[in-house]
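Structure, as structure tokens:
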Amino acid sequence: MPAYATNMRTKFPIVALALEIITIILFAVFVVYDDGKGHGHDTHSNETHHKEAQPMDLYPMFQDVHVMIFIGFGFLMTFLKRYGFSSVGLNLLLAAFGLQWGLLTQGLWHLDDGKIKVNIFKIINADFSTATVLISFGAVLGKTSPVQLLIMTILEITVFSINEHLVATVLKANDVGASMIIHAFGAYFGLAVARVLYRPGLKNGHENNGSVYHSDLFAMIGTVFLWMFWPSFNSAIADAGFTQLTAVVNTYLSLAACVLSAYAISSLVEHKGKLDMVHIQNATLAGGVAVGTCADMNIGPYGAMLIGLVAGGISTLGFKYLTPLLASKLGIQDTCGVHNLHGMPGILGGLAGIVAVALGKKEGGVAAMQAAALASSLGFALVGGALTGLIMKLPFWGQPPDQNCFDDSIYWEVPEEEEENEESLTHADHSKNKVEV
Amino acid sequence: MPAYATNMRTKFPIVALALEIITIILFAVFVVYDDGKGHGHDTHSNETHHKEAQPMDLYPMFQDVHVMIFIGFGFLMTFLKRYGFSSVGLNLLLAAFGLQWGLLTQGLWHLDDGKIKVNIFKIINADFSTATVLISFGAVLGKTSPVQLLIMTILEITVFSINEHLVATVLKANDVGASMIIHAFGAYFGLAVARVLYRPGLKNGHENNGSVYHSDLFAMIGTVFLWMFWPSFNSAIADAGFTQLTAVVNTYLSLAACVLSAYAISSLVEHKGKLDMVHIQNATLAGGVAVGTCADMNIGPYGAMLIGLVAGGISTLGFKYLTPLLASKLGIQDTCGVHNLHGMPGILGGLAGIVAVALGKKEGGVAAMQAAALASSLGFALVGGALTGLIMKLPFWGQPPDQNCFDDSIYWEVPEEEEENEESLTHADHSKNKVEV
Amino acid sequence: MPAYATNMRTKFPIVALALEIITIILFAVFVVYDDGKGHGHDTHSNETHHKEAQPMDLYPMFQDVHVMIFIGFGFLMTFLKRYGFSSVGLNLLLAAFGLQWGLLTQGLWHLDDGKIKVNIFKIINADFSTATVLISFGAVLGKTSPVQLLIMTILEITVFSINEHLVATVLKANDVGASMIIHAFGAYFGLAVARVLYRPGLKNGHENNGSVYHSDLFAMIGTVFLWMFWPSFNSAIADAGFTQLTAVVNTYLSLAACVLSAYAISSLVEHKGKLDMVHIQNATLAGGVAVGTCADMNIGPYGAMLIGLVAGGISTLGFKYLTPLLASKLGIQDTCGVHNLHGMPGILGGLAGIVAVALGKKEGGVAAMQAAALASSLGFALVGGALTGLIMKLPFWGQPPDQNCFDDSIYWEVPEEEEENEESLTHADHSKNKVEV
């Protein structure tokens, strides 16, 4: 099967090391520490407001975001029974590379004396840029090689940085919690990639595309950390003071209301009124996504809760009814259902932002610019994702064959079965008897 | 078995959505953002001292408490072999609803221009209010339906808010770390509920009321996060500055000493001196509970350590000897042993507070008021819990029959067994082969 | 087998309680709260710069370090299939005792009016002191009793405090992130202990010295929390302001670069280019260790990335090629491979510090003093570890026999097998059917 040369031994080390060495060279040329003596010629619409009073003021916010990126996204995807190593492990790899690349591509728009001056605000934004990739990763989870994913990382973050600059600096649109520029963008970019990489061989499902009891619990670690720290995500780069407080309160309440609707609708649509872990793991977070654009606006606590209530319902219904349709009718196989967690709630967030700005809930906001920002984010995502998918489809990146999808063992050493106990072999029992040295 | 109509399909969605919609309406009427322009007519004994210098000053403390509520309590209860979805999942549901309800019921005592003005201090207290429910949840874990638990949430938080107001504002008692008003209250409320819901059918135990190896490890995630962030719990609403530092140091040291006594006594009372995971998961935390009332008092670092030492011992002995007696003699089936982690250590904390105040360790404290606060907390808990239990006992809330207790599958879609491997079926092997769509 | 009296029933409770009671007495004599009124006669080279503006300024940093100690180290070691209770449980025990002991032994060098005044800076350092023990614990994991480990804790922290004082106060060397005084020290101390406790019976390996699928995922919880919060570890006690920011940025970037080289080299050296979880769990962190000494120096962002790149590669190669040699040729059985994560990267960090100081990257630094600090740390570690090992080897501390190594059940109550299902018994299936009481 020559098209499936999945041995990574030469390809992956070469690509990974080459990317890292190129990145280090670019850092040597462009990146210095922020010493607080910048000329302030920064054109970034947000950054001017956000010069921290002290260099470390935003550090606790940064660490919350950091946990969301590495624990939150990483463990959320461990729900698959045999793909946990890849979920949390490749999440770490992609985010670790992505934050470096994002620091460069975002920073190039905001040079100060020809340099990118790194501070906490910039590393928060670098972490943010990786979130787009991790969302897209969810759409193609289990069906791509590490090399393909590194390629997606570099391309998606580059496109993201262009769109982000356009939205924030040119259009001067508001998107403090990034419903549009991260969530909708990441979801539709990933769905476009998934469409290009459509696998007819998986249309009847795959044995390993499901959970076991404990993998669902690991995933809940991701869910709960994302849920808890989402107020930090939506407020980290808000204007300091009461505006930031507003972003925290709106997100906290939207998420709380969202939990109730996610649980209620899950029970309503499932057999015998039972709750479905897939809904709980994902749809409970939709309120954080959907309130993102409006988070720092004066929409009222009840307004935030209404957004969360609607988001939790839409998201759950999407998992139940829309995801199967997207796969069977449009050929979009969305492993984690990112369309339901990030796609639709992201658009809902963008629309809510247009309405809120039109109602005057944000000083200086222009509704048309909000609409343009949403359109721009969706356009860059779909076109960028489709082109990226075509590049990823080239036959020499080690993409796994259908039968090896959703299985760590194709790219990882996995603990082997105990031979003495072959009769009663179970997954939990695959133990690698390493020879102690 | 008509009394056990456990199908949640109509009941649960209706109750959950109705509660959420009523809550949103109340928020629309009463709740606004804190804009820092309050009239300061607040009568809350603590809040006057706690006006933060900046709106976000307490945010890192809030996030620590948030982690305790959602990860700490949630995963602590995943020790049961087949009840992990419910433990972490229903913990999320109850806390998400509870924090909204707590924000209302606590806030109504402190209206400013007729409004509840939300800030970080208030959302910390909202999170606190949910802790009472999560403690009581531990007592009835595995034996109640989601609808019953939502009813308990709304009633318990209402009663809590009355008692909290009485203790803090009327009696002006000190309870910075809430040994009395949260821990003892939550424990005895839950035990009263458990007594009313006594199940004779479980007096000889239940196959699923136990752990497996990995469920015990999941529970340790909860234990360790609770243990680490307890200094934040006990100091979050302490007076800023050195008083807050005192609360942190006392809690840090009490917990450290408590670990040693919990381990030592566990080994002492167990077969062959082995350690018991139930003790380690729970009794190591008793020092945080017991030092709560005194946390911001000048009891000396060694004083805090003595409290922790005693608490760890009492708690471990309670698990070993008292819990069985409560069940067999009094009909109180306490699934998680909350009496040992929150009940007795909470009373110990209240008593230590009386002594410390009598010894002049807290400026302005009155020992009689401390005693009254403890009595009030226990009284409200027992009466409120008993009445709540009676309401929960009504036969139409979908309570599980005895044989389905401690089993997620009654309210959750659980990954199914692999049919091709029925012979060697084990729990870890129950995998749901979802059809990919 | 009289030499293996592993029953802990009397020994362990007596040792644990005696140590705790002695510690409390010492605290009663020496330890008070910091009230901010110190005479400033402190000779600690760092502390003078670090008087926090407010008592709680460093608290978020402290909590990050706290998570690394208790979740990070604890779960990192849960990779063994049957040693998870001990890994996370004994980690808690040793760190809880160690932080108390470290507070005393470090504090005695910095008395103020004859007292140790506890503040956040001091409890960060107390947590740091426990890290040395937890690193050494990794070398002897699975092969020592709880009593032996308590002895190691008290001795290692005492020696650490002497070396730390020498390095920081006498030599006035820089080691902000503690590459030398914690990582290299802890690793070589542990390796010296492991050498003394060499077990020829394990030279052909042990059935339980390996992972299962889910134990590897539990370990990733530890890895990722360590990875995320390492910038806090390396910057917690740095000078406030831009120096602290430099330490954060250098560590963030070093770790990011390190991930790429760890993954690349792991794939390069493994069968068919597959990734090895042992490398990913450990070598991805080597960049945090290696950049420690230089973290607050002006080495440039690219300089930090180069250090991380090299560290990730060295560490992975060490796991693959050096660890087997150390065991077979030198009789050093290093269960977790701490030589690869803390030993070599710690030395690399010390060497990088010498070079950086020689190049003038740190104002006031003296290269010779850096070299002396590295030599001192290694010398104290090897001699202290060897002597400690000899004491631990005394035959009455309950050391496990070879066949019971790497097995929780020798010191813990472990959920028992289900008897009705003996045929298909698997590890995940060991469930303890507790009788409900």
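The values are calculated or read from the model by the stated rules, or taken from the named source; none is laboratory data. Note that the structure is predicted; figures quoted are calculated from it, not measured. As a convention, Cβ positions derive from the backbone with ideal geometry for all residues, glycine included, and neighbour counts pool all protein chains shown. Just so you know, the surface numbers come from the protein's heavy atoms only, side chains and all, with ligands and any DNA or RNA stripped out. Shrake-Rupley method; radii C 1.70, N 1.55, O 1.52, S 1.80 Å.
Quick rundown of the values:
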quantity: Selected from A:N174, A:N298, A:N340 as most flexible by GNM, with chain A as the system and alpha-carbon contacts under 10 Å; calculated: A:N298
quantity: Cβ-based net charge around C:V31, under 11 Å, with every Lys or Arg adding one and every Asp or Glu removing one; calculated: +2
quantity: Förster-model FRET efficiency, 25 Å R0, C:D113 and C:V366, C-beta, rounded to 0.05; calculated: 0.20
quantity: Shielding by partners, peptide A:304-312 (average Cβ within 10 angstrom, other chains); calculated: 3
quantity: Hz values of 3J(HN,Hα) by residue in the range B:8-16 - Karplus curve (6.51, -1.76, 1.60), Gly and Pro given as x; calculated: 8, 3, 9, 4, 5, x, 5, 4, 5
quantity: Globularity index of the range B:339-387, i.e. its alpha-carbon radius of gyration over 2.2 N^0.38 Å; calculated: 1.26
quantity: Per residue solvent-accessible surface (Å²) - chain C, probe of 1.4 Å; calculated: 29 Å²
quantity: Accessible carbon and sulfur surface of the protein assembly as shown relative to its total accessible area, %, 1.4 Å; calculated: 64 percent
quantity: Under Karplus coefficients 6.51, -1.76 and 1.60, residue-wise ³J(HN,Hα) of the range A:394-403 in Hz, glycine/proline x; calculated: 3, x, 10, 9, x, 4, x, x, 3, 5
quantity: Shielding by partners - mean other protein chain Cβ count within 10 Å, residues of B:77-88; calculated: 3
quantity: Contact surface C-B: accessible area buried, both sides summed, square angstrom, 1.4 angstrom probe; calculated: 6600 Å²
quantity: Proximal charge balance of B:L99 [Cβ under 12 Å; K/R count +1, D/E count -1]; calculated: 0
quantity: Inter-label distance for B:D35 and A:I25, nm, one decimal - labels placed 7 Å from Cα along Cα-to-Cβ; calculated: 5.6 nm
quantity: Computed over the range A:173-220, the ratio Rg/Rh where both radii use C-alpha atoms and Rh is Kirkwood; calculated: 1.16
quantity: Positive minus negative residues near C:A367 (Lys, Arg vs Asp, Glu; Cβ under 15 Å); calculated: +1
quantity: Rg/Rg_ref, the range B:152-203, where Rg_ref = 2.2 N^0.38 Å and atoms are Cα; calculated: 1.39
quantity: Structure-based [θ]222 nm, chain B - -39500 (n - 2.57) summed over DSSP H runs of at least 4, per residue, nearest 500; calculated: -18000 deg cm²/dmol
quantity: Chain B: relative contact order as a whole-number percent, Cα under 8 Å and 6+ apart; calculated: 23 percent
quantity: Shortest-first nm distances, B:T10 label point to equivalent points in other copies (7 Å, Cα→Cβ); calculated: 6.8, 6.8
quantity: Across B:K81/C:K393; A:K81/A:K272; A:K81/C:K272; B:K115/B:K361, pairs whose alpha-carbon gap is larger than 30 Å; calculated: B:K81/C:K393; B:K115/B:K361
quantity: Vicinal HN-Hα couplings computed from phi for the range A:222-237 (Karplus, 6.51 cos²θ - 1.76 cosθ + 1.60; Hz; Gly/Pro x); calculated: x, 4, 5, 5, 4, 4, 5, 8, 4, x, 6, 4, 7, 10, 4, 10
quantity: Relative contact order computed over the range A:55-106 (Cα-Cα under 8 Å; 6+ residues apart), in percent; calculated: 28 percent
quantity: Using a 7 Å Cα-to-Cβ projection, A:I391 label spacings across copies, nm, ascending; calculated: 6.0, 6.0
quantity: For B:V170, label point 7 Å along C-beta direction: distances to other copies, nm; calculated: 6.5, 6.5
quantity: Residue with peak Gaussian network fluctuation, chain A [Cα springs, cutoff 10 Å], from A:Q403, A:Q281, A:Q148; calculated: A:Q403
quantity: Amide H contacts under 5 Å for B:L275, placed H, 5+ residues apart; calculated: C:W412, C:E413
